[in-house]
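What follows is a structure written as structure tokens; I'll ask about it next.
The values are calculated or read from the model by the stated rules, or taken from the named source; none is laboratory data. In this text, all values refer to a predicted model and were calculated from it rather than measured experimentally. Every residue, glycine as well, gets a Cβ built from its backbone with ideal geometry; the counts of neighbours run over all protein chains shown. Remember, those area values only see protein heavy atoms, side chains included, never the ligands or the DNA or RNA. Shrake-Rupley method; radii C 1.70, N 1.55, O 1.52, S 1.80 Å.
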Amino acid sequence: MITKQKGTYDVIGIDAKKKKYVCDVIDAVCEKYNYTYIETPIFESSELFHRSVGESSDIVTKETYDFLDRGNRNITLRPEGTAGVVRSFIENKMYGNMSEPVKVYYIGPMFRYERPQSGRTRQFTQFGIECIGTDDVMSDAEIISLAYNAYKLLGIDVKVKINTLGDNESRDKYRKALINYFEPNIDNLCEDCRERLIKNPLRILDCKVDADTDILKNAPKTIDYLNKESLDRFNKLKDYLDLMDIDYELDTNLVRGLDYYNHTVFEIVGNIPDFGSQNVLGGGGRYNGLVEELGGPNIPAVGFAMGLDRTILAMESLNINFKIRDDIDIFLMYGNEEEKDTATYLLQDLRMNGFICETDYMNKSFKNQFKSADRFNSKYLILLNSEDIKQYKVKVKDNTTKEEELVNINDLVDYLDTKL
Ligand code: HAM
């Protein structure tokens, strides 16, 4: 037997319905905020992720699925959605008429070669939003608000952790402070962090190995190295979040694992008992330099992505009711070829009139067709019978009350409309 790859899984049965429900809620939220759906390819040139997510990030150094295609091109399965959207923004010249920011959302598979565990897989689904074209703090607040409300509408109690990296000037000052702080402690850091100190000291704050050490806990905070403009900006963001009654807290160690951020960074953490590190259900931030870095004009942007699979696990762990339809409207039953022909015709008609219909495809006995109808939780049954058909009638049975009525085929849709 050929089995699925490590860190991947099939979405089947009730799990597929749950995922569809979450996607429907997301679609509805995005519609309210006037975000439009976008699809970009699952594989892109490797260079795209090296230049955006960052050469020294864990994602690029350890986690990407890279391969040479048959034309000897360096290809990478996308580990996240922002880079592809920005590439598409530039390539399709979406900045042609920048009187409004471009507001897009996506739902799709991402790939990271990580050690699989609950809530962490090698193929996973992200829902992401990107707002490209404005530097106004109100758009940072809108992104956080959309993310926050999506979780709320799914029934999950979340907190937003926020921090700011400041503008380039503030970041440079902070970077120097980190080097000065970590250099004397270099022997106490893990091997990866020693490398990070040279390539990207901010990354040290993200280290999972050194996370609980005093060296990391007492490290300089971004907030103390902000220039006035960056600090004002951050304060304004907090004002907006207060106005929208969003539950947030400052996390001065939050730097995020991707290189492209400046100013706002945030993570959404679920209030879920015993959920461990899976509690981080989503994250995002501002990335003002990325469009230009990838060859476009100097255009600011901000975005967010939710781990969809992890969010579903959170909902399950909280016993949240997925509003999934677990029944059908009508089960059509027949006993001979003539009745089967009528069933074929009626199924076409009823489905096109909006009813959810099912029938038997295995030539089962009537007794077993009743069992099938119950298994599908059918609300009504149509019991086809040659004698009735001759009079252009069918027997309709309410599967709850067990009451039966003979209905003219011409009136069937209207009759069922009044019942369902
Ligand atoms: P990220 O924090 O790398 O951000 O990923 C966002 C979310 O994807 C995480 O919070 C987590 O819920 C989920 N996730 C990440 N890796 C895995 C995995 N291996 N298995 C299951 N779920 C996972 C980004 O990807 C940025 N592109 C977000 C963004 C959009 N920033 C600006 N715009």
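Taking only Cα atoms and a 10 Å spring cutoff, compute GNM fluctuations for the chain and point out the largest among Met362, Met333, Met306.
Comparing Met362, Met333, Met306 in a Gaussian network model of the chain, the most mobile one is Met362.
With viscosity set to 1.567 mPa s and temperature to 4 °C, compute the Stokes-Einstein D of the range 172-223, Rh being the Kirkwood radius across alpha carbon pairs; µm²/s, no decimals.
Translational D for this selection: 120 µm²/s.
Among the listed pairs Lys152/Lys221; Lys152/Lys228; Lys19/Lys93; Lys19/Lys152; Lys62/Lys208, which have their C-alpha atoms separated by more than 24 angstrom in this model?
Result: Lys152/Lys221; Lys152/Lys228; Lys19/Lys93 exceed 24 Å.
Tell me, what does the Kirkwood hydrodynamic radius of the chain come to in angstroms if you use every pair of distinct C-alpha atoms?
24.9 Å
Pop the C-beta distance of Tyr361 and Asp135 into the FRET formula with R0 = 56 Å and round what comes out to the nearest 0.05.
Taking R0 as 56 Å, the efficiency between Tyr361 and Asp135 is 0.45.
Given a Förster radius of 35 Å and the C-beta distance between Ser45 and Lys176 as r, what FRET efficiency does 1/(1 + (r/R0)^6) yield to the nearest 0.05?
Working from the Cβ atoms, E equals 0.55.
What FRET efficiency, computed as 1/(1 + (r/R0)^6) with R0 = 45 Å and r the Cβ-Cβ distance, is obtained for Asp15 and Lys228, rounded to the nearest 0.05?
Approximately 0.35, to the nearest 0.05.
In whole percent, and with a 1.4 Å probe on the protein chains, what portion of the accessible area of the chain is carbon and sulfur?
Numbers: 10250 of 21380 Å².
Ligands and nucleic acids excluded, carbon and sulfur give 48 percent.
Going by Cα centres, the range 181-240 and the range 281-353 are how many Å apart?
39 Å
Would you calculate the separation in nanometres between label points at Glu292 and Asp251, each defined as 7 Å from the Cα along the Cα-to-beta-carbon direction?
Taking the simple label geometry, Glu292 and Asp251 are separated by 2.9 nm.
Accessible area per residue, 1.4 Å probe, Å², for the chain: what's the number?
In whole numbers, the chain has 51 Å² accessible per residue.
Further, regarding this structure: Checking a compactness column here: for the range 1-152, what do you get for Rg(Cα) / (2.2 N^0.38 Å), N being the number of residues?
In units of the 2.2 N^0.38 Å rule of thumb, it is 1.15.
While we're looking at this one, here's another question. So, in nm, how far is label Asp69 from label Gln5 when the simple model puts each one 7 Å beyond its Cα toward the Cβ?
1.6 nm
What is the diffusion coefficient of the range 328-419 in µm²/s, taking the Kirkwood radius over Cα pairs and the Stokes-Einstein relation at 10 °C with a viscosity of 1.306 mPa s?
For the chosen part, D equals 123 µm²/s.
Here is a further query. Report the gain in length on full extension from Asn368 to Asp274: 0.36 nm times residue separation, minus Cα-Cα distance, nm rounded to one decimal.
Stretched out fully, the Asn368 to Asp274 stretch lengthens by 29.4 nm.
A further question on this structure: If you find the alpha carbon centre of the range 360-417 and of the range 137-161, how far apart are they in angstrom?
First find each Cα centre; the distance between them is then 47 Å.
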